[in-house]
Amino acid sequence: MTKIEPQPGIMQIKPYVGGASSVNGVANVIKLSSNENPFGPSPDAIVAFQRAAHDLHRYPNTDHASLRAAIGDLHGLDPDRIICGVGSDEVITFLCQCYAGPGTEVIYTQHGFSMYRISALAAGATPVVVPERERMVDVDEVLGAVTDQTSLVFIANPGNPTGTMVSQAELARLARALPDHVLLVLDGAYAEYVGGFDGGARLVEKYDNVFMTRTFSKMYGLGGLRIGWGYGAAAVIDVLNRVRGPFNLSMAQQAAAEAALRDRDHVARCLSENTRLRAWLAEALAELGVPSDTSCANFILARFANSDEAAACDTFLQEQGIIVRMVAGYDLPHCLRITVGDEASCRRVAHMIGRFKGGAPGSKLMLLDEDRREEGDV
C-alpha cells in the first residue's frame, strides 16, 4: 500500500465536468451547454492565430506586454496592473494559491461558479458557501459569513449559472465593509454582455481590496484558446506574477486575443444579436410556463416545476439533438441553463421545449419571422 498522500482538501474536489458536446446516436447536435459565442471569434483573430504558426519554434514573451497594453488602452486601465492567464480560471487559481491556504476560508455564494470551490480546496483552504436570495447575491449574507480566517470573497457578476447581477452600489458597500485582510474578487467573465458595464474596474481603482477577472472565452469567442486576465492593486499583481509560469500564454494566444480585442465591430454585432435573441428566447419559454430571471449574460436559466421535469426535458432535448446544461451541481436541480445560440438554434430549442410541454409557443415563436419581414430580410 502506497504511503503517498495528496495535500489535504484535494480528494474533496470533484473533477470539473464541462458541458457535453455530443449525444450517442445523434450525428448533428446543437450545443447550447457551454455558453460559447455562436458567431465564433473575429476573423482578424483567426488570421492572427494563423500567422503565429510561423513562429511556433520560438518561446513566447513572458510579460504579455503588447496584450496588456491593448487591454489597458481599450478599458482605460494601467497595463502594469494587469495579469494574463490561461483563462480567468488560472487567475482564480493564482489568487487562491497566493492568498488562501490551510487555516483560511474562501467565501462564494450558493450558485457561484464551481472553480471557486475547486481552487480553494486545491490551496488547502476551507470553502464557505453563503445563501443567495432568489438566485441573487445577498451582500448581507456575505458579510455575515466573514470571519478572522476569511481571505478571499468571490462574486461572479453577472452570475453563472444564474445570469443575475449585483448593483455597483451593493458591491461598493461590500468592499467598504470587508475587513482589511479580505480580498474581494469580482469575476466578470460575462461583463461584455452588459452594455456600458466595466466589470468592476472602477471599484478596483477606488478600493485596494478589490480585484477583477475577465476572459476572452465568451464574447470574444476564444474559449478554445483559454485566455483570461485580471486587474488589481499593483501589490497584488506583483504577488500573482511570482507564481505565474513564465510562458503560460503562447504567442498564438496573445496574438489572437489582441486582434479579437481590437475588432470592435465584431463585438458589437455579437452583443446586438445576443441581446435580441436572449430576450426572444426568454419570452418564448415564459409563454410555455418556463420562467427565467432577467439574464445579463449569454444564456438563460430556465426554471421548471421540479427536478424531475427539468431532467425529463433535458433527456427529451438530447433525443432531439439539443444539448443544454443541467445545473443540479449548482444547487439548481429544477433548472436548465440554455446558451443563447444563433437564431436557428433559439427557434429550435424553444420549439422542442414547446413540444415537451405539450403545446407550442404562440405569438413569440412567430415574432422573429415577423420582425425579419418588417426589416425586409425574408
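Okay, here's what the table says:
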{"read-out": "FRET efficiency, GLU343 to ASN28 (Cβ-Cβ, R0 22 Å, nearest 0.05)", "value": "0.80"}
{"read-out": "Stretchable slack from ARG202 to GLU283, in nm (0.36 nm times residue separation minus alpha-carbon distance)", "value": "25.8 nm"}
{"read-out": "Counted charge near LEU336, where neighbours are those whose Cβ lies closer than 9 Å (Asp, Glu -1; Lys, Arg +1)", "value": "+2"}
{"read-out": "Two-site FRET efficiency, ARG264 against ILE13, from Cβ-Cβ distance with R₀ of 35 Å, rounded to 0.05", "value": "0.35"}
{"read-out": "Inter-site label distance for ALA235 and ASN306 at 7 Å from Cα along Cβ, in nm", "value": "5.4"}
{"read-out": "Set of lysines near LYS3 by C-alpha distance (under 23 Å), chain-local residues within fewer than 8 positions excluded", "value": "LYS14"}
{"read-out": "Among PRO158, ALA297, ILE323 - extreme Cα towards positive end, dipole of the chain, charges at beta-carbon", "value": "ILE323"}
{"read-out": "Residue-span extension gain [ILE4 to ARG133] - 0.36 nm each, minus C-alpha spacing", "value": "42.1 nm"}
{"read-out": "Semi-axis lengths, Å, the range 43-262, gyration tensor of Cα atoms, sqrt of 5 times eigenvalues", "value": "30, 18, 15"}
{"read-out": "For the chain, calculated [θ]222 nm from helices alone, where every DSSP H run of n ≥ 4 adds -39500 (n - 2.57)", "value": "-12000 deg cm²/dmol"}
{"read-out": "Stretchable slack from GLU319 to ARG242, in nm (0.36 nm times residue separation minus alpha-carbon distance)", "value": "22.8 nm"}
{"read-out": "Long-range HN-HN contacts of ILE322 with modeled amide H, under 5 Å", "value": "ILE30"}
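Where a number appears in this text, it was derived from the coordinates with a stated rule and is not lab data. Small disclaimer: the values here were computed from a predicted structure and weren't measured. For neighbour counting, all protein chains shown are included, and Cβ atoms are generated from backbone atoms with ideal geometry for every residue, glycine included.
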